[in-house]
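Student: Below you'll find the structure I mean.
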Amino acid sequence: MLDKMKALIRRMSSCVLATTDGAVPHCSLMAYLVDEECESLYLATPRDTLKYRNICHHPHVSLLIDTRGETDRGRVMALTIAGECQEVNSEKERIIISKRFSAKHQHLKDFLQKHEMAFVRIVIKNFLLLDGPDQSHHENIKLGSMDI
């Protein structure tokens, strides 16, 4: 089942990011990148946004990736991902991620250059896949021998 979850992440390119200020939830539609192992997702956001402030103070987030646009409502898959955010501070890594974002999400190329962007890595802790209205599958993610 984990392979099915990872395939969904690789196939799609946008998600809904849920952050919080500690009391009030906030959702944002986001483009993302995924690493080869499907252990981390990368997001880009201007630093002057509510989601960025929320992430800085409360790094635990949830994301939703789904197939609503691909299929009829009865066959929709929805993957909820729980993870922890870390800002990418290495200039070398920021350049690589920026180039990957511009290549994969060409519609965001100007947006990425216009703002002071923060690139955020979300280290995935677990997945919950809803496959249709009544099938659910949960997976905890382990890196090496250690739970995250």
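Student: Looking at the range 1-33, which of its residues are within 20 Å of Ser136 (Cα to Cα) and either charged (D, E, K, R) or in a loop (DSSP other than H, G, I, E, B) (or both)?
Tutor: Met1, Asp3, Lys4, Lys6, Arg10, Arg11, Met12
Student: OK, next. When you go through Arg47, Arg75 one by one, which is the residue that is farther than 30 Å from Asp134 by Cβ and basic (Lys, Arg)?
Tutor: When all the criteria are applied, what remains is Arg47.
Student: Something else: Could you grab me the full set of residues in the range 11-55 that are within 22 Å of Lys109 (Cα to Cα), over 15 Å from the mean Cα position of the chain (by Cα) and not β-branched (Val, Ile, Thr)?
Tutor: Of everything in the range 11-55, those that are within 22 Å of Lys109 (Cα to Cα), over 15 Å from the mean Cα position of the chain (by Cα) and not β-branched (Val, Ile, Thr) turn out to be Pro46, Arg47, Asp48, Leu50.
Student: Moving to a separate point now. Out of the residues in the range 94-147 that are among the small types (Gly, Ala, Ser) and loosely packed, with under 11 Cβ neighbours inside 10 Å, which is modelled with the highest pLDDT?
Tutor: If we take residues in the range 94-147 being among the small types (Gly, Ala, Ser) and loosely packed, with under 11 Cβ neighbours inside 10 Å, then Ala103 is modelled with the highest pLDDT.
Student: Find the strands (runs of 3 or more DSSP E) located wholly in the range 34-148 whose residues include 3 or more that are touching a strand residue (DSSP E or B) at 6+ places or on another chain (Cβ under 9 Å), touching a residue at least 40 places away in the same chain (Cβ under 8 Å) and within 19 Å of Leu17 (Cβ to Cβ), and list them.
Tutor: Passing ranges, in order: 40-46, 60-66, 77-87, 117-131.
Student: Can I ask one more? Let me confirm something: among Leu64, Leu41, Leu29, which residue is buried (at least 18 other Cβ atoms within 10 Å of the Cβ), under 20 Å from Phe127 (Cα atoms) and among the hydrophobic types (A, V, I, L, M, F, W, C)?
Tutor: Leu41
The values are calculated or read from the model by the stated rules, or taken from the named source; none is laboratory data. This is a predicted model, so every value here is computed, not measured. FYI the Cβ positions are ideal-geometry reconstructions off the backbone, even for glycines, and counts take in every protein chain you see.
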